[in-house]
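Notes follow once the structure below has been shown.
The values are calculated or read from the model by the stated rules, or taken from the named source; none is laboratory data. Remember, it's a predicted structure, so these values are computed and weren't measured experimentally. No Cβ is skipped: glycine too gets one built from the backbone with ideal geometry, and neighbour counts run over all protein chains shown.
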Amino acid sequence: MPDRPKHSLHRKIFIGLLAGVVLGLLANFFFAESKFLENSIRYFFSPFGQIFLRLIFMTVIPLIFCALALGVAELGDARSLGRIGLRTFGFTVVATSISVLIGITAANWIRPGDGISESGRQALMQTMTGKTVTTAVENAGKAKDWVQTLLDVIPRNPLADAALAFESGYNGGGILAVMFFALFLGVALALARSERTLVFEQWLQGMYEVVMKMIHIAMKLAPYGVAALVFSVVAKLGIDVVFTLGKYVAVVMGVLALQFFGVYGLILRLFVRVNPWHFFKAIKEVIVTAFSTSSSNVTLPTALRVTEHELGVPSKISRFVLTLGATANQNGTALYEGITVLFLAQFFGVELSFGQQMTVVFAAILAGIGTAGVPGGSLPVIVLLLQSVGVPGEGIGIILGVDRILDMSRTVINVSGDITAAAYVAKAEGAELTLRMKDEG
Ligand code: ASP
């Protein structure tokens, strides 16, 4: 059975995650101030985790390029491309809007920024001088206006965008521009069918299979890489910081859970007509991978495999929807950005008018489409949003301590949203999914 090794890998990743948390907490408790712990994180655990992430990251551009171009070319005629494109776009806009509105409502109702004690406030403010804050603020400072942002999605030089997509502070179209080029190339490939273009299409297919193999090999490192990454974060920060920001963390987690079980659950039941519980169970490998890597892009290969094999979504649909969605359909990120802006406004005592809140809603929806699917991709976007409503961008320092755990969680929602979208589009296109409504499914 092809199932066995896969399940044991996901179990191993989960064990790696738990080991990272437990050992990290112990190390933080017993050796918090020790130089030895600091050095072993700096010279061993953190680089080891980075090796795993880099092995996957190096495959992201070729994977996105091949998967999207092939996805579009396989859709064949312009009409089905238009229909599937519209359905994907419609899903993204509706699901993202719902998630942001729930988030903003919860943040207004619970007001997590009001209840922090003065000493907690002071302690948090001290983290604001950290280097990461400065970098995030500097990057956001270089931000462009909306017209330029939209224009940059159409690349002048797609190779430059591919080369610099993961450079923090890169100001061009990045991944979105690479995606645009791949889509355009796929359309042309479908229109220019000849013997020679068929050779090129087969080459793309071959490249896709080779890249998937590279990822498969790299994933063997996942359990250890994940343990090292999680250990590095937990050993440094401990859980105190989670308690100080408890209400904020709880609101974000609560709304993420509502989006996951409530909104996706309902969409799956009503429109995809499958049992949501079975669906979540079938994609648990994706959930664990998203949670432990904090990156939609790193999770993309696993998502592609599981969506095709476990759910039975046709590969031409899953390639198109999931590859686009890894960057453009980020419901968890959008709702998180909305809540965070409101939280920090409350923290600094800035009252946002209804109009300003609507600006936040609209900007968070767009940000969900534009945020890169990489760890911490939200941070520069949040600084931008904060500055646009008159809250100091440095405020982001307050939430940096808990960002990793929230990043892990929102990435789960982002990726599950992509898979829900793929299942929805497949069903609407008349495909038979392997999951059923009934319990035996
Ligand atoms: N880490 C998230 C993702 O890859 C993006 C974010 O920072 O919100 O989906």
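Between residues in the range 265-287 that are closer than 20 Å to Leu304 by Cα and surrounded by fewer than 18 Cβ atoms within 10 Å (Cβ to Cβ) and residues that are at pLDDT below 95 and of a type outside the set (S, T, N, Q), which pairs lie under 7 Å by C-beta distance while being six or more apart or on different chains?
Lys284/His10
Please enumerate the residues belonging to the range 260-288 that are among the basic types (Lys, Arg) and assigned to a helix (DSSP H, G or I).
Hits for the range 260-288 are Arg269, Lys281, Lys284.
Just checking, which of Leu342, Leu335 is within 16 Å of the ligand (Cβ to nearest atom), in contact (Cβ under 8 Å) with a residue 24 or more places away in the chain and in a helix (DSSP H, G or I)?
On the way: Leu342 fails: within 16 Å of the ligand (Cβ to nearest atom).
After applying the criteria, what remains is Leu335.
Please enumerate the residues belonging to the range 227-247 that are touching a residue at least 60 places away in the same chain (Cβ under 8 Å) and not hydrophobic (A, V, I, L, M, F, W, C).
Passing the criteria: Ser232, Lys236, Gly238, Thr244, Lys247.
Do you know which residues across the range 367-388 are surrounded by 23 or more Cβ atoms within 10 Å (Cβ to Cβ) and near the ligand (Cβ under 10 Å from one of its atoms)?
Ala367, Gly368, Thr371, Ala372, Gly373, Val374, Gly377, Ser378, Leu379, Pro380, Val381, Ile382
Of the numbered conditions (1) near the ligand (Cβ under 10 Å from one of its atoms); (2) part of a helix (DSSP H, G or I); (3) surrounded by fewer than 24 Cβ atoms within 10 Å (Cβ to Cβ), Thr299 satisfies every one except a single condition; which is it?
Answer for Thr299: the failing condition is (3).
Please report, ordered by residue number, the helices (runs of 4 or more DSSP H) entirely within the range 131-249 with at least 3 residues that are modelled with pLDDT of 80 or more and not aliphatic (A, V, I, L, M).
Counting at least 3 such residues, we get 175-191, 195-219, 222-237.
Here are some conditions: (1) closer than 30 Å to Val21 by Cα; (2) within 16 Å of the ligand (Cβ to nearest atom); (3) buried (at least 24 other Cβ atoms within 10 Å of the Cβ). Ala421 meets all but one. Which one does it not meet?
For Ala421, the exception is condition (1).
Checking the structure you have, find out if any residue of the range 370-379 is among the aliphatic types (A, V, I, L, M) and assigned to a helix (DSSP H, G or I). Step through it out loud before you land on a result.
Pass one, the range 370-379, residues among the aliphatic types (A, V, I, L, M): 372, 374, 379.
With the extra rule that they be assigned to a helix (DSSP H, G or I), the set shrinks to 379.
Taking every residue of the range 370-379 in turn, at least one turns out to be among the aliphatic types (A, V, I, L, M) and assigned to a helix (DSSP H, G or I).
For the condition at pLDDT 75 or above, within 16 Å of the ligand (Cβ to nearest atom) and either surrounded by 19 or more Cβ atoms within 10 Å (Cβ to Cβ) or within 20 Å of Ile287 (Cα to Cα) (or both), what is the one hit in Val402, Val391?
Just one listed residue meets the conditions, Val402.
Right, Val272: more than 30 Å from Phe166 (Cβ to Cβ) and either within 16 Å of the ligand (Cβ to nearest atom) or in contact with a Phe, Trp or Tyr (Cβ under 7 Å, 6 or more places away or on another chain) (or both) or not?
Criteria met by Val272.
For the range 227-264, which positions are surrounded by 21 or more Cβ atoms within 10 Å (Cβ to Cβ) and more than 30 Å from Leu23 (Cα to Cα)?
Gln259, Tyr264, listed by residue number.
For Lys316, state whether it is surrounded by fewer than 24 Cβ atoms within 10 Å (Cβ to Cβ), at pLDDT 90 or above and either farther than 19 Å from Phe57 by Cα or within 16 Å of the ligand (Cβ to nearest atom) (or both).
No; evaluated as a whole, the condition is false for this residue.
Mind telling me which of the residues Gly395, Gly390, Gly370 ends up being of a type in the set (Gly, Ala, Ser), closer than 24 Å to Ile110 by Cα and touching a residue at least 60 places away in the same chain (Cβ under 8 Å)?
Only one candidate qualifies: Gly395.
Name the helices (runs of 4 or more DSSP H) wholly inside the range 1-113 in which the number of residues that are surrounded by 17 or more Cβ atoms within 10 Å (Cβ to Cβ) is 3 or more.
3-31, 46-75, 78-110
Does Leu256 satisfy being more than 16 Å from the ligand (Cβ to nearest atom), farther than 30 Å from Phe44 by Cα, modelled with pLDDT of 95 or more and in contact with a helix residue (DSSP H, G or I) (Cβ under 6 Å, 6 or more places away or on another chain)?
When the stated conditions are applied, Leu256 does not pass them.
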